[in-house]
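**Student:** Right, I'll just put the structure down here and ask away after.
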Amino acid sequence: MKNTHLSAIPLPKIAIDDSYWNRYIQLIPSVALPYQWAILNDKVPDAPPSSCLRNFRIAAGEEQGERKGVVFQDSDVAKWLEAVAYSLSFRPNAELEATADDVIALLGRAQCEDGYLNTYFTLVENGVRWKNLTEGHELYVAGHFIEAAVAYYEVTGKRRLLDIMCRNADLICRVFGPGENQLHGYPGHSEIELALVRLYHATGTRRYLELAKYFVDMHGQSPNYFLEEMKRPDFKQIFPEFSDYSPVYSQSHIPVREQHTAEGHAVRAVYLYCAMADLAQEYDDEALLKACRDLWDNIVTKRMYITGSIGSSRFWERFTVDYDLPNTSNYSETCASIGLARFSLRMARILRDASYIDVVERALYNTIRSGISMEGNTYFYVNPLEVWPKRCLEDTSDAHVKPVRQKWFDVACCPTNVARTFTALGQYTYSSDCDNLFVNLFIQNETDCVLGEKPVHLSLKTDFPRTGKISLSVNGENVPFQLYLRIPNYAENWSVCVNGQPASGTLEKGFYCINRVWNCDTVTLQFDLVPHFVFANPCVHADSGKLALVRGPEVYCLEETDNGKELTSVFVSGNAQITEQWDGELLGGTMLLHFDGFRLFDESGAANSVCTKQPVLKPVKLTAVPYGSWGNRSKGEMLVWMHALLQ
Ligand SMILES: [Zn+2]
């Protein structure tokens with residue numbers, strides 16, 4: 001491992017103005033954050049009640065009543081604050097900032113004398129703490145507030161929330177650890193580990209990093225903390241379905257350095273892996289990094305959907321076995337894709353390898369984008385690859401699948417998670433240290449950074465993914481640094497020029513590296529985005545004999561609106577000609593893909609579930625749209641994997 005660590009360019013230094021992403025980035029401050037604020041205050045009719053802010057007012061002694069919501073309800077406020085912080089970096093809003101300051105002041109008033117902050121255990125459990133790490137999410141909630149505190153401090157310079165959460169983290173540092181009088185527990189839902197690393201980076205306080213390491217290292221130690229905790233006479237179960245708890249659910253079945261396949265609850269897993277990657281870098285821990293590489297490889301090659309989502313089973317919202325990727329009953333939670341993108345970004349920075357960014361991009365452009373409507377006020381929680389709306393019935397294996405985006409959820413982790421992800425998109429775009437600049441994503445922006453201790457202005461122009469033309473203008477004075485341009489795995493016929501002349505760089509782990517002294521120079525990267533079919537491995541039971549359509553980072557799907565009902569009766573040849581059509585109006589501007597296919601018809605006319613004679617294939621014209629845009633027109637069927645005509 002190299003000694004210099006790559007990191008993001010500070011968010012306030014990056015101004016994104018991108019034809020593909022503007023809609024989403026602007027939607028968050030203009031629609032999603034005000035909408036979510038109304039939700040958190042129970043002011044949206046017909047949406048599940050949140051009670052989030054009310055809970056804090058009750059905890060502060062400013063309102064009477066019963067605390068409502070799930071055990072981790074507080075975390076919705078944390079992620080909302082984190083998203084507000086990021087949004088203020090590109091769209092200052094005094095009113096929104098004042099509202100956030102008021103919320104932060106309320107958190108301060110709701111905080112206990114010793115730094116504890118959690119409305120559930122303060123109000124519902126009368127201050128009984130740390131007795132149910134298996135299900136209680138106390139450390140998870142604290143983690144989200146720590147992330148919000150770091151974000152708010154970094155963008156606004158205000159310390160109030162940071163101070164609140166340092167007091168909270170200091171309490172947790174006193175309570176947990178290897179000492180004789182400390183608890184030897186760790187979180188049942190990872191999140192605080194990666195947050196403590198962020199807090200360490202923001203404050204320089206090393207005990208936060210050490211506690212993150214302690215929590216990660218404690219996973220899987222014998223005897224299992226959670227199984228022991230559940231045996232205690234004062235253990236009070238919160239979720240009845242946890243009565244047959246298995247440590248694999250929380251990745252505590254074996255020590256982390258021995259984990260080589262992704263197991264258990266998908267969100268918990270990738271949040272833990274983020275922290276493992278952080279710690280592998282901080283401590284130069286090769287064994288931990290090896291585990292991270294193996295876990296990532298296992299996910300990406302055998303347990304990840306083509307849309308960049310994870311979690312094949314709704315039960316336990318978990319990973320199952322290699323090649324188990326059902327299309328209709330999967331969980332594929334939006335939060336899990338966000339966690340996967342964050343884990344992949346960390347791995348890309350540690351290993352300086354573009355293949356990790358391919359996955360970041362796959363998750364962002366498909367599942368995470370699908371998680372929010374193009375209007376900004378409805379959301380998907382689970383992200384299936386095939387939807388038959390009629391079948392989404394209660395008390396069935398598809399009961400969790402919603403054919404249309406929802407106003408809110410009883411468990412509402414995803415909407416605020418999407419908000420904080422899209423407002424922080426600039427953090428994914430570049431990686432840098434003092435001598436190197438990595439261009440990860442092709443998102444149009446103007447950025448100020450420091451390279452070789454000198455100021456540099458970057459201007460990246462592109463209409464990606466409509467085309468694969470990217471122009472990066474570097475403006476500095478005799479600045480020596482290495483520029484790494486990502487060549488994505490789908491790029492065909494790519495070329496790189498500097499000031500119009502073919503560049504003489506080298507390809508290093510998927511990045512085209514140009515080492516020179518920069519002044520006012522323009523680098524252009526050009527590649528073809530060729531739409532094509534990909535075939536499922538026959539080992540994938542749900543998709544054997546099927547193909548899917550991809551173009552660049554985007555996976556395409558068929559929608560009923562364009563192609564009629566019974567989409568599973570569609571057959572397509574892998575050699576079918578695909579025609580591109582840019583539509584500047586539809587779905588905010590999108591590349592449609594047209595191709596010829598076939599449909600199975602039952603000509604008997606009996607309409608029985610068993611045909612009286614062999615169905616026939618008839619030619620049909622098909623139109624596919626990007627998966628990230630699905631469900632934005634009318635309620636209907638959707639399909640990613642189509643039957644292949646293999647000849
Ligand atoms: Zn979620």
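What follows draws every value from the coordinates through simple rules; no lab data is involved. In this text, all values refer to a predicted model and were calculated from it rather than measured experimentally. Methodologically, a virtual Cβ is constructed for each residue, glycine included, from the backbone with ideal geometry; neighbour enumeration extends over all protein chains shown.
**Student:** Rank the residues R207, R318, R109 as a footprinting-exposure proxy: fewest other Cβ atoms within 10 Å of their Cβ go first. Mind dumping the intermediate values first?
**Tutor:** Numbers: R207 17, R318 23, R109 12.
Going from least to most buried by this count: R109, R207, R318.
**Student:** Under a Cβ-only charge scheme (Lys and Arg +1, Asp and Glu -1), can you give me the dipole magnitude of the chain about the Cα centre, in debye to the nearest 20?
**Tutor:** Working: 61 positive and 79 negative charges, 74 e Å.
Rounded to the nearest 20 debye, it is 360 debye.
**Student:** Hey, another quick one. Run the quick spin-label model on S397 and N493: label points 7 Å from Cα toward the beta carbon, then report their separation in nm to one decimal.
**Tutor:** With each label placed 7 Å out from Cα toward Cβ, I get 4.5 nm.
**Student:** Once phi is turned into θ = phi - 60°, what whole-Hz ³J(HN,Hα) does the Karplus curve with 6.51, -1.76 and 1.60 give for every residue of region 113-123, x standing for Gly and Pro?
**Tutor:** 3, 8, x, 5, 8, 5, 6, 5, 6, 6, 9
**Student:** If you don't mind, another one. So between N41 and V404, what do we pick up on full extension, going 0.36 nm a residue minus the alpha carbon distance?
**Tutor:** Length difference between fully extended and current span is 128.3 nm.
**Student:** Could you work out the helix-only [θ] at 222 nm for the chain, with each DSSP H run of four or more residues adding -39,500 (n - 2.57) and the total divided by the number of residues, to the nearest 500 deg cm²/dmol? Please list the in-between numbers first.
**Tutor:** Working: 17 runs with 199 residues, N = 647.
That comes out to -9500 deg cm²/dmol.
**Student:** Let me ask something additional. If you take every DSSP beta bridge fully contained in the chain, what fraction is antiparallel? Give it as a percent rounded to 5. Walk me through the numbers before you get to the answer.
**Tutor:** On the way: 81 of 89 bridges.
Counting DSSP beta bridges with both partners in the chain, the antiparallel share is about 90 percent.
**Student:** Give me the net charge of A8's neighbourhood, meaning all other residues with Cβ under 13 Å from the Cβ of A8; Lys, Arg count +1, Asp, Glu -1. Intermediate results must be reported in sequence, preceding the final value.
**Tutor:** On the way: positive: K13, R198, R342, R346, R349; negative: E154, D433.
Its environment carries a net charge of +3.
**Student:** Nothing charged except the Cβ atoms of Lys and Arg (+1) and of Asp and Glu (-1): what's the magnitude of the dipole of region 532-645 about its Cα centre? Round to the nearest 20 debye. Please report the intermediate quantities before stating the final value.
**Tutor:** On the way: 9 positive and 13 negative charges, 50 e Å.
Charge dipole of region 532-645: 240 debye, to the nearest 20.
**Student:** Between K454 and N519, what is the label-point separation in nm under the 7 Å Cα-to-beta-carbon projection?
**Tutor:** 1.0
**Student:** How far, in nm, would the chain grow between Q237 and D322 when pulled straight, counting 0.36 nm per residue and subtracting the alpha carbon separation?
**Tutor:** Details: separation 85, 0.36 × 85 = 30.60 nm, distance 3.20 nm.
Full extension from Q237 to D322 adds 27.4 nm.
**Student:** Using the Cα centre of the chain as origin and beta-carbon charges of +1 (Lys, Arg) and -1 (Asp, Glu), tell me which of P415, N181, G510 is placed farthest towards the positive end of the dipole.
**Tutor:** The residue sitting farthest along the positive end of the dipole is G510.
**Student:** Sticking with this structure for a sec: Convert each backbone phi in region 539-556 into a coupling constant with the Karplus relation 6.51 cos²θ - 1.76 cosθ + 1.60 (shift: θ = phi - 60°), then list the ³J(HN,Hα) values in order as whole Hz, x for Gly and Pro.
**Tutor:** 5, 7, 4, 6, 10, 4, x, 10, 10, 10, 10, 10, 8, x, x, 8, 8, 9
**Student:** Looking at the chain, which longest stretch skips every one of the GluC sites (Glu not before Pro) that is in a DSSP loop with at most 14 other Cβ atoms within 10 Å, leaving the sites themselves out? Kindly include the intermediate steps, with their values, before the conclusion.
**Tutor:** Details: sites that count: E62, E63, E66, E113, E180, E375, E394, E453, E566, E585, E603.
The longest such stretch corresponds to 181-374.
**Student:** Moving on. Strictly over 24 Å apart at the Cα level, which of K546/K618; K402/K613; K407/K565; K43/K131 would you flag in this model? Let's see the in-between values first.
**Tutor:** Values: K546/K618 18 Å; K402/K613 35 Å; K407/K565 26 Å; K43/K131 34 Å.
Too far apart for the 24 Å limit: K402/K613; K407/K565; K43/K131.
**Student:** Under the 0.36 nm per residue contour assumption, what length would be gained going from the current alpha-carbon distance of Y283 and D463 to full extension?
**Tutor:** Details: separation 180, 0.36 × 180 = 64.80 nm, distance 4.02 nm.
Extending this stretch completely gives an extra 60.8 nm.
**Student:** Then there is this: Assigning unit charges at the beta carbon (Lys, Arg +1; Asp, Glu -1) and nothing else, what dipole magnitude in debye, to the nearest 20, does region 584-647 show about its Cα centre? Write down the numbers at each step before the final one.
**Tutor:** Working: 6 positive and 5 negative charges, 10 e Å.
Its charge dipole is roughly 40 debye.
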